[in-house]
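First the structure, in the form of structure tokens, and then the observations on it.
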Amino acid sequence: MTWEAIAGFSSAVIAVCALGFTVWQAAITRRHNKLSVTPHLTTWTQSEQATGRYSVEILNNGIGPALIKSFSVQVDGQPIGGEGSEPIEKALKVLFPQYSFHSSQVYMARGYMMSPKEARSLVTVQFFGERFPGQEEVDHAMKRTRLLIEYESIYGDKRLLDTDALRSNPALNTAARQPSLSRAG
């Protein structure tokens with residue numbers, strides 16, 4: 001083998017290694033970029049049993065925006081239909097037919113972009129009258145209710161917030177546990 005052949009072969013090996021390294025680095029950069037804008041929707045509940053006030057918030061505690069693709073509510077496995085916040089209003093009437101309450105709710109429409117660290121009060125219920133449900137009854141109502149929100153990252157990675165999956169396997173998302181905060185009023 002001549003020195004020219006060895007130099008040519010070495011140059012080819014170096015070029016192939018450089019190309020491989022560049023492809024590898026591009027793949028790692030793309031993965032990093034995707035992770036750096038990953039949304040993560042979760043819920044948070046608050047209970048003020050003494051005053052009969054209960055609320056559920058939706059939070060994006062990821063580091064990227066969440067593009068909402070669909071939003072649905074189920075009670076006892078049955079989808080609750082309607083426009084806007086109507087499904088939440090209907091669900092409350094199914095869950096608490098014997099109680100008087102005022103409620104406020106929001107609806108996350110298809111195409112809504114929830115920014116990182118944004119929190120929205122999904123529903124707040126204030127019971128009034130002679131009696132209102134205890135914590136056990138509210139917890140049971142929460143278990144009967146399923147919230148499904150399909151969303152995407154800005155890279156188009158599909159994700160799903162499914163409150164049933166979170167309740168049955170909290171290890172899926174330790175931040176998505178639904179703690180109750182009891183406050184004396």
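The values are calculated or read from the model by the stated rules, or taken from the named source; none is laboratory data. What you see is a predicted model; the values in this text were computed from it and never measured. Cβ placement follows ideal geometry from the backbone for every residue including glycine, while neighbour counts extend to all protein chains displayed.
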Any chance Ala184 is hydrophobic (A, V, I, L, M, F, W, C), modelled with pLDDT under 90 and closer than 17 Å to Ile58 by Cα | no
Scan Phe127, Phe71 and give me the residue that is among the aromatic types (Phe, Trp, Tyr) and more than 21 Å from the chain's Cα centre (by Cα).
-> Phe127
Check on Gln178, surrounded by 15 or more Cβ atoms within 10 Å (Cβ to Cβ) and modelled with pLDDT of 90 or more = no
Hey, does segment 28-38 have a residue that's among the basic types (Lys, Arg) and either free of Cβ contacts under 8 Å to residues at least 12 places away in the same chain or buried (at least 18 other Cβ atoms within 10 Å of the Cβ) (or both)?
-> yes
Filtering segment 62-89 down to residues that are touching a strand residue (DSSP E or B) at 6+ places or on another chain (Cβ under 6 Å) and more than 14 Å from Arg146 (Cβ to Cβ) yields Pro65, Ala66, Leu67, Ile68, Lys69, Ser85
